[in-house]
């Protein structure tokens, strides 16, 4: 695989994940930990947009990039939510809803692709709205300070609950779109009892 800038940007998002966790274990003031974690997450969100745009513009799309990009996105969101639960800034139920949805829809898309019906669960505007809500809520919760005269945790809490609602809504939408194949489809070819 020939390395290119879009793929390197995606890898940078993967590298940001342990850094995001590790910063909260450094002997730094809480304000500094929050600021660094927020910068890492916002930087990762920017690279998410940038790597896709560059890959399309420069014709550098690849099968590996198409695999790694959503994995990096979901990992950093899920890890950030776990850290926020540990920091008592997000309710565990909200994190469970969002992480559970990501696992469910990822598995659904993989199965639908095996059935030759991936287009049925292509990204929809509800899913995009859910992603935007998450990508705004999580930095506000990581920052945990005052923004434009408001405490970012209050605003982030509202937004992460909105994201959780949109998460359930989008999951139900995708499951409804996939239901005809789920109901009538045959088992994936090549599956054995030992596979999870």
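Throughout, read-outs are computed from the coordinates displayed, never taken from laboratory work. Every value quoted in this text rests on a predicted model; they were computed, and no experiment measured them. FYI the Cβ positions are ideal-geometry reconstructions off the backbone, even for glycines, and counts take in every protein chain you see.
Averaging the Cα positions of each part gives two centres, and for segment 1-46 and segment 87-102 these lie 20 Å apart. Only helices enter this figure: runs of n ≥ 4 DSSP H residues, each worth -39500 (n - 2.57), summed and divided by the residues of the chain, yield -26500 deg cm²/dmol at 222 nm to the nearest 500. Each peptide among 12-22, 33-43 gets the average number of other Cβ atoms lying within 10 Å of its residues, and from highest to lowest they stand as 33-43, 12-22.
A viscosity of 0.890 mPa s and a temperature of 25 °C, combined with the Kirkwood radius over Cα pairs in Stokes-Einstein, give a translational diffusion coefficient for the chain of 135 µm²/s.
To the nearest 10 degrees, how steeply does helix 30-58 sit against the main Cα axis of the chain, on a 0 to 90 scale? Helix 30-58 and the main axis of the chain meet at about 40 degrees.
At 37 °C and 0.692 mPa s, grab the translational diffusion coefficient of segment 35-110 from Stokes-Einstein with a Kirkwood Rh over Cα pairs, rounded to a whole number in µm² per second.
Values: Rh = 13.9 Å.
It diffuses with D of about 236 µm²/s by this estimate.
Taking every C-alpha pair closer than 8 Å and separated by at least 6 residues, the mean separation divided by the residue count of segment 5-183 gives a relative contact order of 24 percent. The angle between the Cα long axis of helix 63-86 and the main principal axis of the chain comes to about 40°, on a 0 to 90 degree scale.
For the chain, the longest principal axis of the alpha carbon atoms and the long axis of helix 5-22 meet at an angle near 50°.
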